[in-house]
1. What are the pairs with Cβ atoms under 7 angstrom where one residue, in the stretch 141-161, is under 17 Å from residue 95 (Cα atoms) and of a type outside the set (A, V, I, L, M, F, W, C) and the other, located anywhere, is part of a helix (DSSP H, G or I) and open to solvent by 10 Å² or more (accessible area, probe 1.4 Å)? Sequence gap at least six, or different chains.
2. Taking the condition within 27 Å of residue 53 (Cα to Cα), among the small types (Gly, Ala, Ser) and in contact with a Gly (Cβ under 7 Å, 6 or more places away or on another chain), does residue 309 pass?
3. So which of 353, 386, 414 is open to solvent by 50 Å² or more (accessible area, probe 1.4 Å), part of a helix (DSSP H, G or I) and without any contact (Cβ under 8 Å) to a residue 24 or more places away in the chain?
4. Quickly run through the stretch 211-249 and pick out the residues that are within 26 Å of the chain's Cα centre (by Cα) and surrounded by fewer than 19 Cβ atoms within 10 Å (Cβ to Cβ).
5. With the condition kept exactly as written, say whether any residue in the stretch 339-349 is closer than 23 Å to residue 156 by Cα, among the aromatic types (Phe, Trp, Tyr) and part of a helix (DSSP H, G or I).
6. Is it the case that residue 170 is over 30 Å from residue 325 (Cβ atoms), without any contact (Cβ under 8 Å) to a residue 60 or more places away in the chain, over 22 Å from the mean Cα position of the chain (by Cα) and surrounded by fewer than 21 Cβ atoms within 10 Å (Cβ to Cβ)?
7. May I ask you to list the residues in the stretch 317-341 that are open to solvent by less than 10 Å² (accessible area, probe 1.4 Å) and over 17 Å from residue 161 (Cα atoms)?
Amino acid sequence: MKKIIAMLLACIMVIGLFAACQPAGTDSTKPNSSTPSTPSTTGEPEKITLTVWAPAEDQSENNKWLQTMCDNFAKAHPEYEITWKFEGISEAEAKNTILTDVSAGADVYMFANDQLGELVEANALAPITGTVLDQVKAGASETMLNTVTYKGQIYGIPYTGNTWWMYYDTSVFSQDDIKSLETMLTKGKVAFRLQNSWYTQAFYFANGCTMFGPSSNDAEAGFDFGGANAVAVTNYLVDLVKNPNFVADDDQNGLAGIKDGSIKAFVSGDWEAAAVKEALGDNFGAAQLPTITIDGEQKQLRAFAGSKAIGVNPQSKNLIASYLLAAYLGSAEGQKLRYELRGVIPCDASLADLVASDPVALAQMNCLNNSAAVQPTIPEMGVWWDNAKALALEIIAGTVTHENAEAKTIAFNDILNKAIKK
């Protein structure tokens, strides 16, 4: 650890040298637009190897985002003679892949923020410090910063939000209709991934239930899903699943229904945007989630707020260069090029105008900034997924009723909290 800390301090000092050489508003294909440089001290380039993991879609023949960015980085850094090693490992695969052997893992890699706690505890993510941290704080919203914060320290450079919202048929629902789920259910079928526990909590969060306290990462606070607010939500869901216009989406029938016209709205994220646009054509609509009515009051559905981020391996043999590269890949320039090549929605505030006319991007940003709740990143969150799915499946099957809703809800909360104390 002493060696790692010393290297980090050296990195901070070197990074400080380039704080003033990041001109704004330059062409995204030019290497000097936001790529930091460090002066060469020997006159000869240092020969290094950098291994980068990124989704295969970022380095295909039709989309060479990673290659372009790394070529630009190398041109801006003549102090290094870089041998590149690229591997197609997605954000979802990052944790399991690197934890097999952190010391042999990538120098820089992309990861989904729900993996944060396990990666940090395994010493597989280096803290973001110095001018790189300044860059992240300048471009990211508070919500995005919170998605990559663990025990008070930021460990990643977020480059896109990871949440979900509502797609709908504009020929069926008006702008006023989509504000209320109850109103929508009077006009057409709405699909919701209720049994997928990345979505289930939206109803409970709407009525004030919490996970791991206000910070979403306080393990001692546990789950607050057993009180009157949670019971009211369970009772609401008992009625909701009986509504003939409500469809419990099994992660497939929502999109299928949009395509065949039987379903007029469903919840999903940017990964299905292209398919929904193709199905709905001129009637394509995207918006943040509607409200639901509980005990006569309007309550805003709240999706999980997450991110995808770029991390640095603290066991990298070229830690300074890895920090510099991560900063460049996660910069506004990198996000802009990725959006242009792949449609990955940027989260840097300076790129707001770039996506101002993109309804999908606007839906994502509205959810992240106005209603979504930060998804916990601590390892204890692991007890949620299967248990929440089990409760949702019981509700859908009708085995949870108004008569036993209170008992079922309290039992669910007890199961969660007992599991995190084992």
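1. Qualifying pairs under 7 Å: 150/120; 155/120.
2. Yes: the conditions hold for residue 309.
3. 353
4. Correct list: 213, 214, 215, 218, 219, 220, 221, 224.
5. Yes, some residue in the stretch 339-349 is closer than 23 Å to residue 156 by Cα, among the aromatic types (Phe, Trp, Tyr) and part of a helix (DSSP H, G or I).
6. Here the answer is no, as residue 170 does not meet what is asked.
7. The answer is 319, 321, 322, 323, 324, 325, 326, 327, 328.
Conditions tested, residue by residue: (1) more than 23 Å from the chain's Cα centre (by Cα); (2) surrounded by 20 or more Cβ atoms within 10 Å (Cβ to Cβ); (3) at pLDDT below 90.
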site: 30; (1), (2), (3): yes, no, yes
site: 35; (1), (2), (3): yes, yes, yes
site: 41; (1), (2), (3): yes, no, yes
site: 44; (1), (2), (3): yes, no, yes
site: 49; (1), (2), (3): yes, no, no
site: 53; (1), (2), (3): no, yes, no
site: 58; (1), (2), (3): no, yes, no
site: 61; (1), (2), (3): yes, no, yes
site: 64; (1), (2), (3): no, no, no
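The values are calculated or read from the model by the stated rules, or taken from the named source; none is laboratory data. Remember, it's a predicted structure, so these values are computed and weren't measured experimentally. FYI the Cβ positions are ideal-geometry reconstructions off the backbone, even for glycines, and counts take in every protein chain you see. For the accessible areas, the whole protein counts, side chains as well, though only heavy atoms, and no ligand, DNA or RNA atoms are used. Shrake-Rupley method; radii C 1.70, N 1.55, O 1.52, S 1.80 Å.
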